[in-house]
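To start, the structure under review is shown below, and the notes come after it.
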Amino acid sequence: MSESEEPHVVVTSERLQSVIEALSYASVDEFDSCLALLERSGEIRDEFSELETAFSIFVRELGEAKSELNRTLAKQEAINRELEAKLETIEVQQAAIRELSTPIIEVWASVLCLPVVGIVDSQRSAEMTETLLETIVSKQARMAIVDITGIDVMDTKTADHFIKMARAVRLLGAECIISGINPGIAQTLTHIGVDLTGIRTLRSLRDALQLHLRETEQLVVHQHSQLARKLTTEA
């Protein structure tokens, strides 16, 4: 060999094929198979084996990094599943709270009562109205009593919620009575000029039930009277 000629390494085709096969394993994350081929191919010690060793180190580190990434992703998925389970639990609890905060009681035949306690905002008002209207339809109720005994303070917005609720009930062909108005709320409604035209209000739930019984009794008496007059006319 002349001094101008550079040394070169002869690599067999089988050895190159082994490295290529190792690369194909690495491309699909089969790092153990890749390393096994490289270790077997690297049994020959020459300049090319240094490249094989460097490639083996790279593959080993890549495999460890990929394993760590998979472990991190698995932990994150577990955290996400736990978070979803907690969110589902919260949604169930919120639904239970909404149901408890909007109890519809059938206090008499075809008479429903919605006792309201606490603060009434736009969302709660919409939920109460929806639940009340659905119950009126399902129970075929003729009267709905919205009892606000549990409310101590009422402003214009709150009063507007109940007025809209009462009008929605009337659109279904049922009567709506707002009961439980205390002196403080009565003064407030008068002071802020709330229009309660067409909406029946009573002092207590008891008064509302007594009114319903009186009107029902009067209706029965009137029907009996009409029937008696009809029978007399036919006779």
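Observations, loosely collected:
- Filter result for GLN140 (of a type in the set (S, T, N, Q), open to solvent by 80 Å² or more (accessible area, probe 1.4 Å) and within 27 Å of the chain's Cα centre (by Cα)): no
- SER101 vs. criteria modelled with pLDDT under 85 and not acidic (Asp, Glu): yes
- Any hit, segment 84-96, residues being touching a helix residue (DSSP H, G or I) at 6+ places or on another chain (Cβ under 6 Å), modelled with pLDDT of 85 or more and either open to solvent by 60 Å² or more (accessible area, probe 1.4 Å) or closer than 29 Å to VAL194 by Cβ (or both): no
Rundown of residues vs (1) modelled with pLDDT of 75 or more; (2) open to solvent by 90 Å² or more (accessible area, probe 1.4 Å); (3) within 15 Å of THR158 (Cα to Cα), yes/no style:
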{"position": "ILE185", "(1), (2), (3)": "yes, no, yes"}
{"position": "THR190", "(1), (2), (3)": "yes, yes, yes"}
{"position": "THR201", "(1), (2), (3)": "yes, no, no"}
{"position": "ARG206", "(1), (2), (3)": "yes, yes, no"}
{"position": "LEU209", "(1), (2), (3)": "yes, no, no"}
{"position": "ARG214", "(1), (2), (3)": "yes, yes, no"}
{"position": "HIS224", "(1), (2), (3)": "no, yes, no"}
{"position": "ALA228", "(1), (2), (3)": "no, no, no"}
{"position": "LEU231", "(1), (2), (3)": "no, yes, no"}
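- When each of GLU130, GLU64 is tested for being acidic (Asp, Glu), part of a helix (DSSP H, G or I) and modelled with pLDDT of 90 or more, the lone residue that passes is GLU130.
- Residue match in segment 149-166 (condition: touching a residue at least 60 places away in the same chain (Cβ under 8 Å), buried (at least 17 other Cβ atoms within 10 Å of the Cβ) and under 21 Å from ASP195 (Cβ atoms)): no
- Qualifying residue in segment 38-48 (condition: of a type in the set (Lys, Arg), outside any helix (DSSP H, G or I) and either open to solvent by 80 Å² or more (accessible area, probe 1.4 Å) or at pLDDT below 80 (or both)): yes
Let's see how each residue does on (1) closer than 17 Å to LEU202 by Cβ; (2) of a type in the set (A, V, I, L, M, F, W, C); (3) modelled with pLDDT under 90:
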| residue | (1), (2), (3) |
| --- | --- |
| GLU134 | no, no, no |
| SER138 | no, no, no |
| ALA141 | no, yes, no |
| ILE145 | yes, yes, no |
| ALA166 | yes, yes, no |
| VAL169 | yes, yes, no |
| LEU172 | no, yes, no |
| ILE177 | yes, yes, no |
| ILE181 | yes, yes, yes |
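- GLU106 being acidic (Asp, Glu), assigned to a helix (DSSP H, G or I) and farther than 19 Å from ILE181 by Cα: no
The values are calculated or read from the model by the stated rules, or taken from the named source; none is laboratory data. None of these values were measured; they are calculated from a predicted model. Neighbour counts run over all protein chains shown; Cβ positions are idealised from the backbone, glycine included. Ligands, DNA and RNA are excluded from the accessible area calculation, which covers all protein heavy atoms including side chains. Shrake-Rupley method; radii C 1.70, N 1.55, O 1.52, S 1.80 Å.
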